[in-house]
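J.: Here's a structure for you.
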Amino acid sequence: MPQLGESVTEGTIIAWKKAEGDLVELDEPICEIETEKVTAELPSPVAGRLVRILVPQGETVAVGAPLCEIEEAGVPAGRPAADAPASAAAGAPAGEAGAAAGTGAPSRRRFYSPAVQRLAELHGIDLSQVQGTGLGGRVTRKDVEAFAARQAQGAKAAPTAAPAPPVAAAGAGPAPGGPLTGVRRTIAENLERSSREIPQAWTMVEVEMTALLARRDALQQRIAGRKVTALPLFIAAVCSALREHPVLNARFEQGELRVSRELNIGVAVATDWGLVVPVIKDAASLSIEGLAARLDDLVTRARERRLSVGDVEGGTFTVNNTGAFGSIASKPLVNPPQVAIVTLERIVRRPVVTGEDAIAVRPVANVCLSFDHRVMDGLDAGRFLATLKARIEAGTFG
């Protein structure tokens, strides 16, 4: 299993694109992998013949575990599977593949990935009681979920209910509606962690969007053939406000607040297969046209499942476009270890009181902010929103 990202610890084989005995070319996709962050095709590291699949479809294994054996073209056949060269163990990092192949079962039996540990902690499960069904007896998330399901049904189980044997795990069956996909499970864990670990406060301001929509219309005229939304202008205004209030552009990790000099804006994108948050790197360096183009590219690739790990890593602040669904107010959850998230709600026309105490109809939208109350107070959040509101209403996005 390749290291698909600095914080990725395991991956799931979604599908094998080659069967045992098939010839494979160098860099030809041999399987599709789903990690906590992205779905990616794994290219073959060598040309040859796929001799043996070690990890079946649907199985989750730790980074570094060998996935298959490929008999490299020109290398004599007949070598025992366990002695296959490290370079032929697709996806295994150099120097680790040999140790990971087959003979390392006893040492891996006590290995628990961070995701498994978090899940066990969530359900109050002693992992030493869980029978692992992964490679070399490793405990997977499915094992923990099955164990938790058996615990939940413990009252109905036989009086002799000691730790259930592995066979019972298969009989426990999926939860109503079926098991969660890897992406959905990761979303669930992240949001549960956010809700459990972060004391979040929420605030909202109403913003007049007349100037923003005028800039959007002007931009639309310059960019032919592609629809321009209000979101890139909103992101530009967010970047401008974050420069004045850098405490919101930070990560809170291991008890330390690390304010980032770069403005890497994550943008929540809803897809048919789950919520993903691709990141616009160094967003403050881009023009509004550049932001629109980068946003269009990321959203398109997110919906086509073509994002790379680099596309979803390194975010320092998140923007959510909840208004695209018609929402006029929402309370987003902070994406840990970030410390704040803002939403743009639906732009609607409302009667507003103007400076001359007259009533006029204007386009307005609510802008909602959730923040980590451990690292900032309402004063910081309020000042940020006030700056953001002023930028948008004045039409100064840079």
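J.: Against the conditions (1) open to solvent by 60 Å² or more (accessible area, probe 1.4 Å); (2) closer than 19 Å to Cys368 by Cβ, where does Ile235 fall short? Just the number, please.
T.: Ile235 satisfies all of (1) open to solvent by 60 Å² or more (accessible area, probe 1.4 Å); (2) closer than 19 Å to Cys368 by Cβ except (1).
J.: Having 3 or more residues that are touching a strand residue (DSSP E or B) at 6+ places or on another chain (Cβ under 7 Å), under 24 Å from Ala270 (Cα atoms) and at pLDDT below 90 is the bar; report the helices (runs of 4 or more DSSP H) wholly within segment 150-258 that clear it.
T.: Working: elements: 166-172, 182-197, 210-222, 231-244.
Counting at least 3 such residues, we get 182-197.
J.: Among the residues of segment 335-347, is there at least one that is without any contact (Cβ under 8 Å) to a residue 12 or more places away in the chain, open to solvent by 50 Å² or more (accessible area, probe 1.4 Å) and not hydroxyl-bearing (Ser, Thr, Tyr)?
T.: No, every residue in segment 335-347 fails to be without any contact (Cβ under 8 Å) to a residue 12 or more places away in the chain, open to solvent by 50 Å² or more (accessible area, probe 1.4 Å) and not hydroxyl-bearing (Ser, Thr, Tyr).
J.: Suppose the filter is in contact with a helix residue (DSSP H, G or I) (Cβ under 6 Å, 6 or more places away or on another chain), among the hydrophobic types (A, V, I, L, M, F, W, C) and within 30 Å of Arg222 (Cα to Cα); does Val269 pass it?
T.: Values: in contact with a helix residue (DSSP H, G or I) (Cβ under 6 Å, 6 or more places away or on another chain): yes; among the hydrophobic types (A, V, I, L, M, F, W, C): yes; within 30 Å of Arg222 (Cα to Cα): yes.
Here the answer is yes, as Val269 does meet what is asked.
J.: When the residues of segment 286-316 are filtered to those that are touching a Lys or Arg at 6+ places or on another chain (Cβ under 8 Å) and open to solvent by less than 30 Å² (accessible area, probe 1.4 Å), which remaining residue is farthest from Arg226 (Cα to Cα)?
T.: Across segment 286-316, the extreme among qualifying residues is Thr316.
J.: Looking only at segment 271-285, how many residues end up being open to solvent by 30 Å² or more (accessible area, probe 1.4 Å), of a type outside the set (Gly, Ala, Ser) and either within 21 Å of Cys239 (Cβ to Cβ) or in a helix (DSSP H, G or I) (or both)? Spell out how you get there, then give the answer.
T.: We begin by selecting, within segment 271-285, every residue open to solvent by 30 Å² or more (accessible area, probe 1.4 Å); these are 272-273, 275, 277, 281-282, 284-285.
If we keep only those that are of a type outside the set (Gly, Ala, Ser) as well, we get 272-273, 275, 277, 281-282.
After this cut, where a residue has to be either within 21 Å of Cys239 (Cβ to Cβ) or in a helix (DSSP H, G or I) (or both) as well, the list is 277, 281-282.
Total meeting the criteria: 3.
J.: Check segment 240-263 and report whether any residue there is touching a Phe, Trp or Tyr at 6+ places or on another chain (Cβ under 8 Å) and without any contact (Cβ under 8 Å) to a residue 60 or more places away in the chain.
T.: yes
J.: Name every residue in segment 25-69 that is of a type in the set (Ser, Thr, Tyr) and over 19 Å from Thr186 (Cβ atoms), in order of residue number.
T.: Quick first cut of segment 25-69, residues of a type in the set (Ser, Thr, Tyr) only: 35, 39, 44, 60.
Hit for segment 25-69 is Ser44, nothing else.
Conditions (1) of a type outside the set (Ser, Thr, Tyr); (2) open to solvent by less than 60 Å² (accessible area, probe 1.4 Å); (3) assigned to a loop (DSSP other than H, G, I, E, B), marked per residue:
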site	(1), (2), (3)
Leu26	yes, no, yes
Cys31	yes, yes, no
Leu42	yes, yes, no
Val46	yes, yes, yes
Val61	yes, yes, no
Gly64	yes, yes, yes
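The values are calculated or read from the model by the stated rules, or taken from the named source; none is laboratory data. This structure is a prediction, so every number in the text was calculated from the model and none was measured. Every residue, glycine as well, gets a Cβ built from its backbone with ideal geometry; the counts of neighbours run over all protein chains shown. Quick note on the areas: whole protein, heavy atoms, side chains included, nothing else; ligands and nucleic acids left out. Shrake-Rupley method; radii C 1.70, N 1.55, O 1.52, S 1.80 Å.
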